[in-house]
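The structure under discussion appears below in the form of structure tokens.
The values are calculated or read from the model by the stated rules, or taken from the named source; none is laboratory data. These numbers come from a predicted model, not from an experiment. Every residue, glycine among them, receives a Cβ derived from its backbone with ideal geometry; neighbour counts consider all protein chains shown.
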Amino acid sequence: WASLGNLGSAAFPLFLDPAERQGFDPGIHAWDVYLRPVEHIPYFRSGQPYTNLYYSQGQAQDDARFKAQFSRNFANQVNFSLDHQAINNLGAFNNQRTRVLSLGMGLWWQRLGGRYQAFLTFAENNVQAQEPGRLGPPPADTLVASFTLATLLEEAQVRYANRDWSWFHILRLRPDSLAGRLPDLRVGHRLTWHQSTFKYFDAAPPADSSFYRILRTDDRGLRHYLEWQYVANHLFLRWHRKGQRAPLLEAGLVHRYHRLYQEPRDSSLHDLFVQGSLNVTLQERLRLSANAHLGLWQNFGEYKLAGELTLSLGKAGQLTGGLLNQRYRPALLAQ
């Protein structure tokens, strides 16, 4: 990944990594490498309480990174998990400070001898970043400290926050003792609520238009604001073979209802997709993993076909090849 020069600043991948998109996307991905969305909050199978701590100190007292994970079992087959991350970086130059805070919590229930499982997960991420733009005119003296150099932007900042709640539950309909060689059939449902806000503002834009160009529309300051909410329902069926972690076959239906507020524009839209996946061993050393989705209703014409073929080479490792073909609407910021 390449960033603007300091930990916590906007970043993008240096190697091609096509994003697998489905439906509406606001297009704000500059901080994805730091965030902990609800899908990434881990749960742990452990008979004892589990704690994992990490701390890294920078060149100043306020320049640090901290990570913490905690998990503990309670009575009645209930597990609690906590995932936290904090980044505070002063940057090498003026107006380059960043702060990223992530917090995730979850409860995991098991009932009916493990046949029914439910997960209630919460995740919140907050990004605060100063935007220096670029360095100003170089000083006459070349031997100066970096923090004394002037930057083009002095009051520009980004505020980006998102919050997710997820309720995921799954039921195994056929117990292992009765299944024999037939795959287990499982039915599941995920309900997700998401809210995010993005704001870029500059209270003192440069007097000329060399940086903002046509976007410099007001001498008193500049501001861009976006608020996005959605509710998603995902209903699916899974067939699992005994001893196989990934499902042999999955088929499901996904619906999302989006609400957008762009100050002052207000709008709403729907996403509706059918999707599925397949994980099968073709030969002793050859494994195929594939997934696909197809858009319906307002998403007619959108699709994705993805596959990965893995050949085991024994002690030499494995050889993997992949294919991705997809068609999706452009992100909001790209329109």
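Here's the yes/no breakdown for (1) surrounded by 16 or more Cβ atoms within 10 Å (Cβ to Cβ); (2) of a type outside the set (Ser, Thr, Tyr); (3) assigned to a strand (DSSP E or B); (4) free of Cβ contacts under 8 Å to residues at least 60 places away in the same chain:
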site: ASP271; (1), (2), (3), (4): yes, yes, yes, no
site: VAL274; (1), (2), (3), (4): no, yes, yes, yes
site: ASN279; (1), (2), (3), (4): yes, yes, yes, yes
site: GLN298; (1), (2), (3), (4): no, yes, no, yes
site: LEU305; (1), (2), (3), (4): no, yes, yes, yes
site: LEU319; (1), (2), (3), (4): no, yes, yes, yes
site: GLY322; (1), (2), (3), (4): no, yes, yes, yes
site: GLN326; (1), (2), (3), (4): yes, yes, yes, no
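Scanning the range 129-158 for residues that are exposed (fewer than 14 other Cβ atoms within 10 Å of the Cβ) and either at pLDDT 80 or above or in a strand (DSSP E or B) (or both) gives a single hit, LEU135. One residue stands out in the range 226-258 among those that are of a type outside the set (A, V, I, L, M, F, W, C) and touching a Phe, Trp or Tyr at 6+ places or on another chain (Cβ under 7 Å): the one that is surrounded by the fewest Cβ atoms within 10 Å (Cβ to Cβ), namely TYR257. Every test in (1) in a loop (DSSP other than H, G, I, E, B); (2) surrounded by 11 or more Cβ atoms within 10 Å (Cβ to Cβ); (3) at pLDDT 85 or above; (4) out of contact with any helix residue (DSSP H, G or I) (no Cβ under 8 Å at 6 or more places or on another chain) is passed by ARG65 save one, and that test is (1). Filtering ARG99, ARG111 for residues that are closer than 23 Å to ASP62 by Cα, basic (Lys, Arg), surrounded by fewer than 20 Cβ atoms within 10 Å (Cβ to Cβ) and out of contact with any Cys (no Cβ under 9 Å at 6 or more places or on another chain) leaves a single hit, ARG99.
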